[in-house]
1. When we measure straight from the Cα of K441, which lysines land under 21 angstrom away, once same-chain ones fewer than 8 places off are left out?
2. Gap in Å between the Cα centre of segment 369-396 and the Cα centre of segment 303-356?
3. For D406 and E60, what does the FRET efficiency come to when R0 = 25 Å and r is the distance between their Cβ atoms, rounded to the nearest 0.05?
4. Sort 385-394, 61-70, 166-175 by the packing proxy (mean of other Cβ within 10 Å over each peptide's residues), most packed first.
5. Where Lys and Arg each count +1 and Asp and Glu each count -1, what net charge lies around E133 among other residues with Cβ under 10 Å from its Cβ?
6. Go through K142, K178 and list them by solvent-accessible area, largest first, probe radius 1.4 Å.
7. Taking K and R as +1 and D and E as -1, what net charge do the other residues with C-beta under 11 Å from the C-beta of A401 add up to?
8. Any chance you could run the full-extension gain for D264 through Q164? It's 0.36 nm times the residue separation minus the Cα-Cα distance, nm to one decimal.
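The values are calculated or read from the model by the stated rules, or taken from the named source; none is laboratory data. Predicted model, so just to flag it, every value in this text is computed and none were measured. Backbone-built Cβ (ideal geometry, glycine too); neighbour counts: all protein chains shown. Note: areas computed on protein heavy atoms with side chains; ligands, DNA, RNA excluded. Shrake-Rupley method; radii C 1.70, N 1.55, O 1.52, S 1.80 Å.
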Amino acid sequence: MSRSAHPAGPRYADVLPEAHHLAPPADLNTLDPRVWSRTVSRDAAGTATVGGLDVKHLAEEFGTPAYFLDEDDFRARCRAWREAFGTDADVFYAGKAFLSRAVVRWLTEEGLNLDVCSGGELSTALAAGMPAERIALHGNNKSAREITRAVEAGVGRIVVDSFQEIVRVAHIAQKAGKRQRVQIRVTVGVEAHTHEFIATAHEDQKFGLPLAGGLAAEAVRRALKLDGLELVGIHSHIGSQIFDTSGFEVAARRVVGLLAEVRDEHGVELPEIDLGGGLGIAYTPEDDPREPHEIATALRAIVERECAAAGLAVPRLSVEPGRAIVGPTAFTLYEVGTVKELPGLRTYVSVDGGMSDNIRTALYDAEYSVALVSRTSTAAPMLSRVVGKHCESGDIVVRDAFLPADLAPGDLIAVPATGAYCRSMASNYNHALRPPVVAVKDGTARVIVRRETEEDLLRLDVG
Ligand SMILES: *Cc1c(COP(=O)(O)O)cnc(C)c1O
């Protein structure tokens, strides 16, 4: 449509094709339980509360921006996964989504295991008392130091990712007088239904050894020959933010196919398979994630059927949800600094954080929702873009969302479902001080990761 058709100037529909599908929600004040953590609601005055504490008091006490993590919700999700998979399967929480000592203690108490993918994550896990045999070490390029530390600590498994690493882990284990339990990470040629940059199971990528072309089978051959290794299984992780189990179905079939090949060639039935993580959560009310029990039922059925067809005993199954446990349990609280209306375009709402506390929107176009939480409003919906304070025009937190038209500096707004990959990917860009993580439970708020200070920044700057 030509611009001249609109003598009054461009309209949203012309300049914002991506916002076409957006209709304002029926009520801007509703905090939709599909995207907010379990204990979030509004009090009689209209202020949002979490764990019984209102966000205005939380902002006064802990400042903004800050992440508020709903501990009851976190623990409930751990239990739901644990119970759904039962005692003949293991649930490994993917620590990279968000890790702190408090989180490690909750996981330990709730009976989950833990995936780490660096020396730093490993030391956090060990420092908080997670038993080493419940820890798995991941990564496509673990350093000799990281491997040594993991072997010496006695981690339950190392997931090896290359031919060189098979030899490296075997050598380090042998030197330590140990036999390290390992799984081999394979790629099964499945592309999960998600954004291209966060899909990981197609073969042209850095993780894993492809089943196709026999690389994975060759890795098994090599691992079985080395004294320092006890090869216990095969690992596959097909992607992120996945909403249906069809990708896992293909993955399980192909992994079991490899187990059958291994039995035929070596006379060995490997006792474990891990189908990875990647289960989706609701970032906006349009997302419709599966419940843990539905996922467990589907995955078990697939594995049992494929094993029966191949004449194999059913191996011990494990899964590795990260986002699906911690993602929905936290929100980020921001203070509005400026509201800039660009007539005919849109309204830019600037907050006191941005890409330094949530890089996901800039990194892979992640979608989020947002709400005014310090009060309710009856003003009309205003199509808004929530942006940060960084020197980067791509510094967007929420690309398109409706906020009330009377939004003003000093209002508090919150972005739900920021528990995963926000604090863990936070940066000091523009020397931003990374926000605290505050755990809220039963009317009590407790800092579990404190806000950075300027002294923290200067401590690293040796002048
Ligand atoms: C990232 C990752 C996970 C967790 O992914 P989520 O999307 O957070 O569930 C699990 N396993 C492996 C190997 C991973 O790399």
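1. Output for K441: K56.
2. Taking the Cα centre of segment 369-396 as reference, the centre of segment 303-356 is 19 Å away.
3. 0.65
4. Sorting 385-394, 61-70, 166-175 by mean packing, highest first, produces 61-70, 166-175, 385-394.
5. +3
6. K178, K142
7. Every neighbour counted, the sum reads +1.
8. 33.5 nm
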